[in-house]
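To start, the structure itself, in structure tokens.
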Amino acid sequence: MNEPEKIDPRELSPLALAFVGDSVLELLVRQRLVEHHRLSAGKLNAEKVKYVSARAQFREEQLLEPLFTEDELAVFKRGRNASKASVAKHASPEEYRASTGFECLLGWLYLNGRLSRVHELFETLWQSFDPNEK
């Protein structure tokens with residue numbers, strides 16, 4: 001069976017990049033939680049949500065944005081400005097758009113093979129972000 005030609009990440013829509021970036025962040029958070037905590041699956045999930053909700057991602061993006069390169073900031077803004085048909089129940093439109101931009105950036109970095117940069121941003125996030133802060 002012939003594989004279709006691989007699509008260049010620059011050709012993907014911001015929402016397709018965010019689709020991947022959402023999973024990237026969730027996997028990194030899940031990995032970190034299970035590596036450092038002995039919790040039931042339900043409690044692990046409750047902790048994970050503190051990092052991957054739209055509101056949390058909005059705060060994480062604000063924390064990390066000063067570290068973004070010019071290219072990363074452009075990708076973030078492209079994702080933030082992508083039209084959305086719906087908004088998360090527990091987030092403002094501003095928070096939801098920024099979280100989509102953040103996911104878009106993570107997806108773009110991941111699909112471009114920039115895993116060291118993904119991990120660098122995640123480490124900064126993990127060390128600096130307080131999920132219990134309102």
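The values are calculated or read from the model by the stated rules, or taken from the named source; none is laboratory data. Keep in mind that what you see is a predicted model, and the values were worked out from it rather than measured. Counting neighbours? That spans all protein chains shown, and the Cβs are built from the backbone with ideal geometry, glycine included. Surface areas here come from the heavy atoms of the whole protein model, side chains and all, with no ligands, DNA or RNA. Shrake-Rupley method; radii C 1.70, N 1.55, O 1.52, S 1.80 Å.
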Odd one out for Arg97, checked against (1) closer than 15 Å to Leu25 by Cβ; (2) at pLDDT below 95; (3) open to solvent by 20 Å² or more (accessible area, probe 1.4 Å); (4) within 14 Å of the chain's Cα centre (by Cα): (1)
Flagged in segment 1-19 as open to solvent by 40 Å² or more (accessible area, probe 1.4 Å) and in a helix (DSSP H, G or I), in numbering order, are Arg10, Glu11, Leu15, Phe19
Exactly one of Leu115, Leu44 is of a type outside the set (Ser, Thr, Tyr) and either modelled with pLDDT of 95 or more or touching a strand residue (DSSP E or B) at 6+ places or on another chain (Cβ under 8 Å) (or both), and that one is Leu115
Return a yes/no flag: does segment 63-81 have any residue that is within 15 Å of the chain's Cα centre (by Cα), under 13 Å from Asp22 (Cβ atoms) and in a loop (DSSP other than H, G, I, E, B). no
Among the candidates Ser83, Ser128, single out the residue that is open to solvent by 80 Å² or more (accessible area, probe 1.4 Å), out of contact with any Phe, Trp or Tyr (no Cβ under 8 Å at 6 or more places or on another chain), at pLDDT below 95 and among the hydroxyl-bearing types (Ser, Thr, Tyr). Ser83
Of everything in segment 24-59, what is surrounded by 15 or more Cβ atoms within 10 Å (Cβ to Cβ) and among the polar types (S, T, N, Q)? Give them in sequence order. Ser53, Gln57
Only one of Val49, Val29, Val34 is over 16 Å from the mean Cα position of the chain (by Cα) and not in a loop (DSSP other than H, G, I, E, B), namely Val34
